[in-house]
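Worksheet: the structure to be examined is printed underneath.
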Amino acid sequence: MRNFTGTHSAIVVIASTASLSIAGVSSFATSVLSYDAGSNAAVDYTDASTALGSAERFTGEGVFPSGVTPFNPAFGTDEIVSIGAGGHLSLGFDRAITNNASHLFGVDLIIFSNAGIADTTWTDADPNNDGTGFTGANPFIFGAGGAATVQVSADGVNWITATTTKLDLFPTLGYSDFIDATPFSPGSVETDFTLAMDPTLAASDLANMTFAELRDFYNGSGGGVGIDIASTGLESASFVRFLNESGEAFEIDAVAVVPAPSTLMIASLLGLGAVRRRR
């Protein structure tokens with residue numbers, strides 16, 4: 001959970017490379033163009049390179065080792081980077097971010113933060129189910145912080161705003177075969193961090209779900225906040241920038257580029273989307 005105090009650091013310019021995907025090109029950010037922690041970034045969460053590569057699947061090694069689930073978000077200082085008021089983070093990608101009509105729900109990139117859903121089993125009248133994971137009638141999202149202005153660029157110089165949004169839905173799920181809301185060992189079936197969830201849904205759509213129901217609702221997706229770059233007028237981009245103009249710090253774990261699905265996959269995912277909306 002968010003329990004940070006503020007700090008400030010100078011702008012840092014970094015270049016680094018993340019691990020490559022099977023296809024030879026990473027689906028995640030591979031370089032940091034620049035980083036300014038801002039005036040109230042979380043203390044010790046100012047390593048911009050933590051935003052490179054895949055989102056976390058297992059967190060807290062050496063402190064509280066546990067699987068990343070919507071009830072147990074990533075929290076390590078080597079896993080997320082904080083952006084305080086007036087700060088920014090600019091990331092580069094090897095794979096182009098494309099405004100592609102075939103993308104599920106129109107989502108072109110997916111952002112992972114350290115937001116989580118409060119587990120109401122800790123506050124209900126039955127102590128026997130404490131920690132088992134239940135969203136409650138009015139799901140509460142913690143750790144999202146302030147709104148992030150998300151911009152994209154084709155050249156890393158000229159930036160266009162895609163949206164300004166809180167990085168809340170959907171909190172990250174690392175493995176689709178987790179049984180517990182806070183598992184103490186990794187799963188064996190990795191979720192897909194490039195598979196978008198329906199961005200029209202709200203926290204209320206997750207009401208009264210057990211962890212098992214929530215895990216199944218993700219249906220193989222790793223969650224994250226889906227972004228459509230159509231409003232920018234760009235057909236493709238290679239860079240993403242996060243600006244904090246809201247005042248309250250927010251954190252970034254990773255950013256994934258959504259690939260164009262095959263025809264067969266499109267049919268399958270559209271069917272999945274219909275199921276999610278009917279629910």
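Here are the numbers:
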| item | result |
| --- | --- |
| Residue in the stretch 36-52 that is of a type in the set (Phe, Trp, Tyr) and either under 17 Å from PHE242 (Cα atoms) or assigned to a strand (DSSP E or B) (or both) present | yes |
| Flag if PHE105 is under 18 Å from the mean Cα position of the chain (by Cα), of a type outside the set (Val, Ile, Thr), at positive phi and surrounded by fewer than 22 Cβ atoms within 10 Å (Cβ to Cβ) | yes |
| Residue in the stretch 184-201 that is β-branched (Val, Ile, Thr), at pLDDT 95 or above and not in a loop (DSSP other than H, G, I, E, B) present | no |
| Lone unmet requirement of (1) under 17 Å from the mean Cα position of the chain (by Cα); (2) of a type in the set (A, V, I, L, M); (3) closer than 20 Å to SER236 by Cβ; (4) surrounded by fewer than 20 Cβ atoms within 10 Å (Cβ to Cβ) for ILE97 | (4) |
| Test: residue in the stretch 159-175 that is over 19 Å from the mean Cα position of the chain (by Cα), surrounded by fewer than 17 Cβ atoms within 10 Å (Cβ to Cβ), part of a loop (DSSP other than H, G, I, E, B) and not β-branched (Val, Ile, Thr) | no |
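The values are calculated or read from the model by the stated rules, or taken from the named source; none is laboratory data. This structure is a prediction, so every number in the text was calculated from the model and none was measured. FYI the Cβ positions are ideal-geometry reconstructions off the backbone, even for glycines, and counts take in every protein chain you see.
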